[in-house]
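The next block holds one structure in the form of structure tokens; read it before the comments.
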Amino acid sequence: MFMLSSLIYSPSLDGHRQVHAFVYAHLLNELGYRVSIAFNFEENTNNDFYIELLKKDKSLTLIDTSIYMKNGYEITISQFIELQTRCLADLTIFTEADNHISLFTSQLFSRRKFRGKTIGHFFRPFYIYRKRNFWDKLRYLKHLPSQWKFDESLFHEYLLKTFRLLDTALYTDENFVSSHSYSCLVPDTFQSYAETLIKDENPEQRIWIDRLKSFKEQNKDSLVFFYFGTAAKRRGYDVLLKMAIENNGCFIHCGLNHSTENYNELENILLNKGKLFLTNQYISDPKCIEYFFKSVNYLVLPYHDFLGSSGVMLQALSYGIPVLVPDNGIMGYLVKKYNLGNTYDSGKAFSLKNEFDKFKDLDPFIFEENIKNYMNFQSADNLKKVLVNVFSEAMGSINIA
């Protein structure tokens, strides 16, 4: 029986990338593809849960990209086509295509095209949120001749569509897709879909439920600030600690605490008041995660200078919890368009405090119907439907004679 072959190209599998590779590999297997995954074997990742699952899957072929320049981020077009040929790739998926614009544009002047069909998943066309003034535009045009091979604006606005540098371009940004014809919107629910596949129940982690119940009882009259995931300044871990202190509230952190930043001073202020709850453990049990999220009526996501989407925001919304987010970027666009909570002006220091003071007193019920309607699209079932359609169309257009 003839089988199509696929290549998933992802030099890094840190963070969300391993989840995306895992989901892509599963769906391609389900559709009857042979699957190869190319990534950097030497990379140190914060968490390798899904990487280990990929390594244990004997149906997959794993390829090391550390032999290429910058561990595969600066692979040449000749090397890449040779890799595709070695894998007999009928279909290639770039899990984070934003990193490979120069590789895509190299098809224009090398007179070589990628083998088979190619799909790129883009997460960061953030230039649409960065407004240029007159002088910024002049500087941009001045440097464009030397930067055009890497320029994301030129690539997405002109080169990709005009020269068909990829067969399919996937985006998780609804705002971007609404104004770009050569694009396909995909639900940003890879994590929840992966969880449905592995059903990773860890009953031993549920000791945290009883501990959290006790902590909440001791602080039943306090405002609750909740942070999910590994502590990171870019996601506002320090801001939430300060908000808890300023509001005489308590702080709950479900996740790992290893970080290059030191938050001991802030944490100790809360600890001395009995208002700090840390797991310092990667929590994967669904019931445990659900209990942590449902311990709050709202979620504040004070991301620093960030224009992308948030998996934590989607997790909160999946439990019906409204969010307070920066007004710029993808998160702000979605929250304002679908009324999923409130936004604040990230460019003004006082805005977060002012908006939070109003937000915390709102009844979460007023957002319930809006959140439910929005999450009808952002579902694991719909993610599978969209991706299967994309892969099936690609498979149907491949000449297998």
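Coordinate-derived values only; no laboratory data. In this text the structure is predicted, and so the values were computed from the model without any measurement. Cβ coordinates were reconstructed from backbone atoms using ideal geometry, including for glycine residues, and neighbour counts include every protein chain displayed.
Sort 241-252, 338-349 by the packing proxy (mean of other Cβ within 10 Å over each peptide's residues), most packed first.
241-252, 338-349
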### Task
Mind listing the long-range amide H neighbours of S5? Cut-off is under 5 Å, sequence gap 5 or more, other chains count too, H placed in the peptide plane at 1.01 Å from N.
R34, D90, L91
### Summary
Ranked output for segments 353-364, 288-299, 370-381 by mean other Cβ atoms within 10 Å, highest leading, reads 288-299, 370-381, 353-364
### Query
Ordered by residue, what ³J(HN,Hα) values in Hz, to whole numbers, does region 193-207 give under the Karplus form 6.51 cos²θ - 1.76 cosθ + 1.60, where θ = phi - 60° and Gly and Pro are x?
5, 4, 5, 5, 7, 9, 6, 7, 8, 10, x, 5, 6, 6, 4
### Query
Using the per-residue mean of other Cβ atoms lying within 10 Å as a proxy for protection, in what order, highest first, do the peptides 90-96, 12-18 fall?
90-96, 12-18
### Query
So between L271 and R130, what do we pick up on full extension, going 0.36 nm a residue minus the alpha carbon distance?
46.8 nm
### Stretch gain in nm, segment I207-S146, where the contour uses 0.36 nm per residue and the Cα spacing is subtracted
16.2 nm
### Task
Holding the Cα-Cα limit at 22 Å, pick out from K58/K117; K287/K336; K199/K337; K213/K287 the pairs that are longer than that.
K58/K117; K287/K336; K199/K337
### Query
Got a sec to turn the phi values of region 102-108 into Karplus ³J(HN,Hα) couplings, 6.51 cos²θ - 1.76 cosθ + 1.60 with θ = phi - 60°, whole Hz, x for Gly and Pro?
5, 5, 5, 6, 5, 5, 6
### Query
Where the centroid of each part is defined by its Cα atoms, how far is region 16-71 from region 197-218 in Å?
30 Å
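Any idea what diffusion coefficient region 202-338 gets from Stokes-Einstein, in µm²/s, Kirkwood Rh on alpha carbon pairs, 10 °C, 1.306 mPa s? Let's see the in-between values first.
Details: Rh = 15.3 Å.
So the translational diffusion coefficient is about 104 µm²/s.
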### Query
If you compute percent of Cα pairs over 42 Å apart for the structure shown, which of (1) 12; (2) 62; (3) 17 do you land on?
(3)
### Only Lys, Arg (+1) and Asp, Glu (-1) charged, at Cβ; the chain dipole about Cα centre in debye
900 debye
### 19 Å Cα-Cα threshold exceeded, pairs from K113/K149; K131/K161; K242/K353
K131/K161
